[in-house]
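Have a look at the structure below, then the notes.
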Amino acid sequence: MGDLDGRAALVTGGSRGIGRAICIELARRGAKVTVNYQSNAAAAESVLAAIRGAGGEAITIAGDVSKADAAAGLVKGTVDAFGSLDILVNNAGITRDGLLMRMSEDDWDAVQNTNLRGTFLVTKAAMRPMLRARGGRIINITSVVGVMGNAGQANYAAAKAGIIGFTRAVAREVASRGITCNAVAPGFIATDITAGMTEAQINAVMGQVPLGRIANPEDVAPLVAFLASEGANYITGQCINVDGGMVMA
Ligand code: NAP
């Protein structure tokens, strides 16, 4: 018996990195999980295999969160498969780094579309089943970069700060309906997103991490599962950092 037994969860961008670890942790604690991905079906299938191999229940659904039809399809597919949508984790995200002077409109738009617009569209689609059930948990994956900024990531910092504002507005809007909405802000996590960093870039970031190591996706997933659990009943509108102490405020 897990503390999320019987709950239905949708994790956007669940095929790799932090999303993968969240899918596996939610399933380990008893949730039925929709593993969303954009294009990497093989990676999503491997998450499915890991969950089913451990005795859990999961499905995969392809879909671009920045498209309204696809976002609605993720929610509908989850409700059709599991009968409800109790936990939404808006995790899908991309970076397109570059200095502001050279940042193209495409790089700005792509990052807003996946990170911020995607979070808006999937959350909006999730409102109907959650309001009908008079309950639900929404957890938005932002970043410490949305809190403290980062040179070369003006597009990403703006999108992630936008997610924090969105989280607080939605939390106030739906609190009376038994739905909580929180954000989780990871620091430096070893995934495909950070794999392209140079040693100099890694060393510069590490100098800002009091705990002195790069995190793994498994360092983030337990907080997300906690926010989805009964233990977090009285927590809403918060942005909680999982960053080895990079930001202390
Ligand atoms: P990742 O390893 O690159 O995985 C990204 C995931 O998002 C993949 O599952 C990918 O699907 C999916 N995805 C991308 N665009 C999508 C779209 N338009 N629609 C649906 N799915 C889409 O990334 P990660 O490092 O785990 O990051 C996960 C989240 O944590 C992101 O929001 C990121 O901004 C945030 N974050 C990461 C770090 C870090 O250090 N890694 C730090 C702070 C915050 P495919 O497999 O199909 O491509």
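The values are calculated or read from the model by the stated rules, or taken from the named source; none is laboratory data. Only a predicted model underlies this, so the values are computations on that prediction, with no experimental measurement involved. Surface accessibility is based on the protein's heavy atoms, side chains included, excluding ligands, DNA and RNA. Shrake-Rupley method; radii C 1.70, N 1.55, O 1.52, S 1.80 Å.
Points worth noting:
- Other-chain or far-sequence residues with amide H under 5 Å of Cys181's (modelled H): Ile138, Gly237
- Note on exposure: Ile202, Ile193 ranked by accessible area (1.4 Å probe, complete protein assembly) read Ile193, Ile202, with the most exposed listed first.
- Residue by residue, segment 60-65 carries 3J(HN,Hα) couplings of 10, 9, 7, x, 8, 4 Hz when phi is fed to the Karplus relation 6.51 cos²θ - 1.76 cosθ + 1.60 (θ = phi - 60°); x denotes Gly or Pro.
- Inter-centroid distance (Cα atoms) of segment 96-111 relative to segment 1-69, Å: 30
- Segment 134-146 - phi-based ³J(HN,Hα) in whole Hz, Karplus 6.51/-1.76/1.60, Gly and Pro as x: 6, x, x, 10, 10, 10, 9, 8, 9, 6, 4, 5, x
- With the convex hull drawn around the C-alpha atoms of segment 143-243, the volume per residue stands at 104 Å³.
- Close Lys-Lys pairs in the chain, where close means Cα under 15 Å and separation is 8 or more or interchain: 4
- For the residues Arg102, Arg137, a 1.4 Å probe over the protein chains yields an accessible-area ranking, largest first, of Arg102, Arg137.
- Working note: Cα gyration tensor of segment 33-88, eigenvalues times five, square-rooted, sorted largest first, giving semi-axes of 19, 15, 7 Å.
- ³J(HN,Hα) computed for each position of segment 166-178 - Karplus, 6.51 cos²θ - 1.76 cosθ + 1.60, integer Hz, glycine/proline x: 4, 4, 5, 5, 5, 4, 5, 5, 10, 4, 5, 9, x
- Rounded tilt (10° steps) of 217-228 against the dominant C-alpha axis of the chain: 40
- The residues of the chain expose, per residue, 46 Å² of accessible area to a 1.4 Å probe.
- Amide H contacts under 5 Å for Asn241, placed H, 5+ residues apart: Ala185
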